[in-house]
Amino acid sequence: MSSQTSGLNSPATQMDLDVSSRMPRTPKVPDSLTETKVWNTRNLGLRLATDLISGATAATMVAPIIVTIDKGIMQNASGQATLKESLKLSFKDFLLRPHNLVFSKPFALICMLYGGTYLTANSLDTITSTVQNKPATHVTSGTAKFAASSAANVGLCLFKDQAFARLYGPGGPPRPVPLPSYVLFTLRDCLTIFASFNIPPLLGPVISKNMSTELSKNLSGQTVAQFMAPAAVQILSTPMHLLGLDLYNRGSKSIAWDERWTIVKKNWAASAAARMCRIVPAFGVGGVVNANIRKTLLQKLA
């Protein structure tokens, strides 16, 4: 026993213990880094197809009214016809000869614009739910959705606006749309996108809390916000739209800014009302239809 004890207390053994105590220890890897990341890839192909179907269906439903109103605003700004005259003729033509509208270039442009916007927002929700392993019906409302939806909508809308400006402009040979008009149209669309995709998920719960129990049974705060927010923001975005059109219709030279502002103020109220009527189908009705179709189809895939 004494020999074993003396062996443990020998200088060599003590030196080994001192060296081992001074050796660096391997740091412990956090459990979060060693865990395998899980993605929700169940029925991913069908979920992406659902995004396309719901977006295309919603865009096709709202396109007739949007084409009619956009045409009226463009013709009113260029002097081709008053807003009232243009709307009257367009609605009459749609009722008597609907195929003329459905198979027209403006109809295709509107379907492209809103179908592409809905699809982008839907796809971002699907990608987020996949990467973050959340339910397929998960809906986002953050910066990424605003950036993606804005990029899609602004790009497609600029293409649509320059085509409409040439179709319903003041006449003469087509000319390029000036850069200031593109900037104004971009700001206009960013406001609309923010109010259409980012505000409703935040405002909806607030509205729901202040709704009566009886009313909330038939109407959700999310639906109210989806109609209200895009319409309200048109009060701010309409002057940008009118100024952009005036810069194209009358050129950007030799016209004072106070003269342009006079034209904008003159058409502000009527154009804002028309754009509200246009935006409610586009991001109100269209947004609700797109969201409901997508949610229903995704629930069936679950």
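Side notes on the structure shown:
Residues are listed down the side, and each one gets a yes or a no for (1) over 23 Å from residue 194 (Cβ atoms); (2) in contact (Cβ under 8 Å) with a residue 40 or more places away in the chain:
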| residue | (1), (2) |
| --- | --- |
| 135 | yes, yes |
| 146 | no, yes |
| 151 | no, no |
| 163 | yes, yes |
| 167 | yes, yes |
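- Considering 130, 68, 117, the condition of being modelled with pLDDT under 95, surrounded by 13 or more Cβ atoms within 10 Å (Cβ to Cβ) and closer than 20 Å to residue 199 by Cβ is satisfied by 117 alone.
- Elements of type helices (runs of 4 or more DSSP H) in region 232-302, at least 1 residues being within 30 Å of residue 129 (Cα to Cα) and touching a helix residue (DSSP H, G or I) at 6+ places or on another chain (Cβ under 8 Å): 257-279, 286-301
- Subset of region 234-258 (residues that are of a type in the set (D, E, K, R) and exposed (fewer than 11 other Cβ atoms within 10 Å of the Cβ)): 253, 258
- Pairs linking a residue in region 40-51 that is in a loop (DSSP other than H, G, I, E, B) and crowded, with 16+ Cβ neighbours inside 10 Å to a residue that is small (Gly, Ala, Ser) and modelled with pLDDT under 95, with Cβ atoms under 6 Å and 6 or more positions apart or on different chains, are 40/129.
- Flag if residue 281 is farther than 17 Å from residue 76 by Cα and either without any contact (Cβ under 8 Å) to a residue 12 or more places away in the chain or surrounded by 15 or more Cβ atoms within 10 Å (Cβ to Cβ) (or both): yes
- Tabulated pairs, region 90-111, first closer than 23 Å to residue 290 by Cβ, second surrounded by 17 or more Cβ atoms within 10 Å (Cβ to Cβ) and among the basic types (Lys, Arg), C-beta under 8 angstrom, 6+ apart or interchain: 106/71; 109/160; 110/160
- Any chance residue 193 is touching a residue at least 12 places away in the same chain (Cβ under 8 Å), buried (at least 21 other Cβ atoms within 10 Å of the Cβ), closer than 26 Å to residue 87 by Cα and β-branched (Val, Ile, Thr): yes
- Selection within region 153-190: residues that are buried (at least 17 other Cβ atoms within 10 Å of the Cβ) and among the small types (Gly, Ala, Ser). The member of this set that is nearest to the chain's Cα centre (by Cα) is 181.
- Considering 124, 109, 101, 87, the condition of being modelled with pLDDT of 90 or more and more than 28 Å from residue 191 (Cα to Cα) is satisfied by 101 alone.
- Residue satisfying condition, being part of a loop (DSSP other than H, G, I, E, B) and out of contact with any Lys or Arg (no Cβ under 9 Å at 6 or more places or on another chain), within set 200, 205, 173: 173
The values are calculated or read from the model by the stated rules, or taken from the named source; none is laboratory data. In this text, all values refer to a predicted model and were calculated from it rather than measured experimentally. A quick note on method: Cβ atoms are made from the backbone with ideal geometry, for glycine too, and the neighbour counts reach across all protein chains shown.
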